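For reference, the structure is listed below as structure tokens.
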Ligand SMILES: Cc1cc2nc3c(=O)[nH]c(=O)nc-3n(C[C@H](O)[C@H](O)[C@H](O)COP(=O)(O)OP(=O)(O)OC[C@H]3O[C@@H](n4cnc5c(N)ncnc54)[C@H](O)[C@@H]3O)c2cc1C
């Protein structure tokens, strides 16, 4: 069944999953395939989470379409799974086996008659910042969140719903799919267990004063780099520096930008070393002569991911520099960046000029400040600490920084934990 718009004010299921990233999708599918009823709620207009925004993912360097499409197919065909987008949990009452959850559903302003033909966006003259591309480009006020969006349905930015210019879009839709009068709804879900899979967000790089993000245009972050490299991204896969759209020839990756740092994120985000090495392959594929500098404290590539690191060392123009970048300054003449670091193997202080610098920023759990509305054990950084089925069951990157395969394994386990906890009713 999957995409779902409840007509009733009270719905029921064995498990409620909150957050439609790879963790939430996996828990939902695994639960539904065991013929247990499951509701997945996602606050954005489409599911897929951060993985949908990647260009490719390590270690196999597949595009996100591989993993996400297969999961969407499993979801769509399963009658036990229902997906509600633009939905958030506002209250949870009860105990394991018997929860009553209040769900608030925001209006999409586009109904199920939408065929995604795009004629509404073609005529639309209102533009908004494209959050999916981290503000590097714009979409129309009525837009499809991204090419893989599920549901494959347009959405109106609520900031523009009362703008007179929207009438053009309504008139252009021959199916009568745009309804600017839609209102928010509140419904109740009666469920046996709740799995919390609200994932992560990138650490705010502008807080790291010495690295120049927000001050120098050509300092970007690793998540921005994923969108730059994507064929569906703002520069259609060309890796160009923001100041002058010049394709890069020399680039620096700054590991542990804010991570393993008492002033920012004291923990290691576990994926950033591999993510930067993966991004080095994007550069190499497009620019065979480009020089790449990767500054690290020590490379963390757990388990079999070490093979990827070893393979990357064959690239003669990828220079691994042991030592943290102390400062990034801009050369005002050409807007290049000067990366200053100590080489901790030789003791030498190096200054290297590059076209663009990519900050490998870490992962902050969304539960840091958007906590489940139920007494939930969390550590000092906001990660959920599971409590034997009592309260919500955290999964994926709400528990700790994980790469996709570890997330999927954990989320499969969460499906079973929820079935056991919910069965207590
Ligand atoms: C730069 C970078 C590159 C990476 N590259 C790779 C890679 O190549 N390979 C790899 O294996 N891993 C990679 N990762 C790690 C990967 O992104 C994570 O493993 C994955 O995103 C975890 O999925 P998740 O479902 O836990 O969280 P998310 O992907 O964050 O999904 C969480 C979902 O919950 C939704 N949500 C949030 N709050 C609420 C709420 N209150 N109510 C309802 N819904 C909510 C969000 O909108 C989102 O859809 C990378 C990470 C970084 C930082």
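Please order 70, 361 by the number of other Cβ within 10 Å, starting at the fewest.
Details: 70 11, 361 28.
Ordered by Cβ neighbours within 10 Å, fewest first: 70, 361.
Which distance in nm do the two modelled labels at residue 232 and residue 345 give, with both placed 7 Å along the Cα-to-Cβ direction?
3.9 nm
Quick check: residue separation of residue 311 and residue 245 times 0.36 nm, minus the Cα distance between them. What number comes out in nm? Show your work: numbers first, answer last.
Details: separation 66, 0.36 × 66 = 23.76 nm, distance 3.06 nm.
That works out to 20.7 nm of additional length.
Say a paramagnetic label sat at a point 7 Å from the Cα of residue 8, along Cα to Cβ; which residues of segment 71-85 have their backbone N under 17 Å from it?
Zone members listed by number: 79-84.
Below 8 Å between Cα atoms, with a sequence gap of 6+, how large is the relative contact order for segment 114-214 in percent? It would help to have the intermediate numbers written out before the result.
Values: 88 pairs, mean separation 23.4, N = 101.
Once normalised by length, the contact order is 23 percent.
What length, rounded to one decimal in nm, is gained on full extension from residue 76 through to residue 387, with 0.36 nm per residue of separation minus their alpha-carbon distance?
Details: separation 311, 0.36 × 311 = 111.96 nm, distance 3.18 nm.
Gain on stretching residue 76 to residue 387: 108.8 nm.
Taking 0.36 nm per intervening residue step and subtracting the Cα-Cα distance, what contour gain separates residue 369 from residue 136 on full extension? Before the final figure, lay out the partial values.
Details: separation 233, 0.36 × 233 = 83.88 nm, distance 2.60 nm.
Gain on extension, residue 369 to residue 136, equals 81.3 nm.
Sort the following peptides by mean Cβ neighbour count (other Cβ atoms within 10 Å, averaged over residues), highest first: 286-292, 399-405, 298-304.
On the way: 286-292: 15.6, 399-405: 20.9, 298-304: 13.7.
The packing order, highest mean first, is 399-405, 286-292, 298-304.
Could you rank the peptides 370-377, 217-224 by their average count of other C-beta atoms within 10 Å per residue, with the highest value first? Present the calculation step by step, with values, prior to reporting the outcome.
Details: 370-377: 15.9, 217-224: 22.1.
Put in order of decreasing packing, that is 217-224, 370-377.
To the nearest Å, what is the center-to-center distance of segment 224-241 and segment 275-326, using C-alpha atoms only?
19 Å
As a test of the formula, what do you get for the chain when each DSSP H run with n ≥ 4 contributes -39,500 (n - 2.57) and the sum is divided by the residue count, at 222 nm and rounded to the nearest 500 deg cm²/dmol? Each step should come with its number before you reach the end.
Values: 8 runs with 87 residues, N = 425.
Estimated from H runs of four or more residues: -6000 deg cm²/dmol.
Taking Cα pairs under 8 Å and at least six residues apart, what relative contact order does the chain come out at, in percent? Mind dumping the intermediate values first?
On the way: 946 pairs, mean separation 83.4, N = 425.
With pairs under 8 Å counted, the relative contact order is 20 percent.
Take residue 267 and residue 90, extend 7 Å from each Cα along the Cα→Cβ direction, and tell me the distance between the two endpoints in nm.
Output for this residue pair reads 3.1 nm.
Expressed as a whole number of Å, what is the distance separating the alpha-carbon centroids of segment 367-408 and segment 38-67?
19 Å
Please compute the contact order of segment 97-157 in relative form: average sequence separation of alpha-carbon pairs under 8 Å and at least six residues apart, divided by the residue count, as a percent. Present the calculation step by step, with values, prior to reporting the outcome.
On the way: 61 pairs, mean separation 20.2, N = 61.
In percent, rounded to a whole number, it is 33.
Only the coordinates and a few stated rules stand behind these numbers; no lab work does. Quantities reported herein were computed from a predicted structural model and do not represent experimental measurements. All Cβ positions, even for glycine, are placed from backbone atoms using ideal geometry, and neighbour counts span all protein chains on display.
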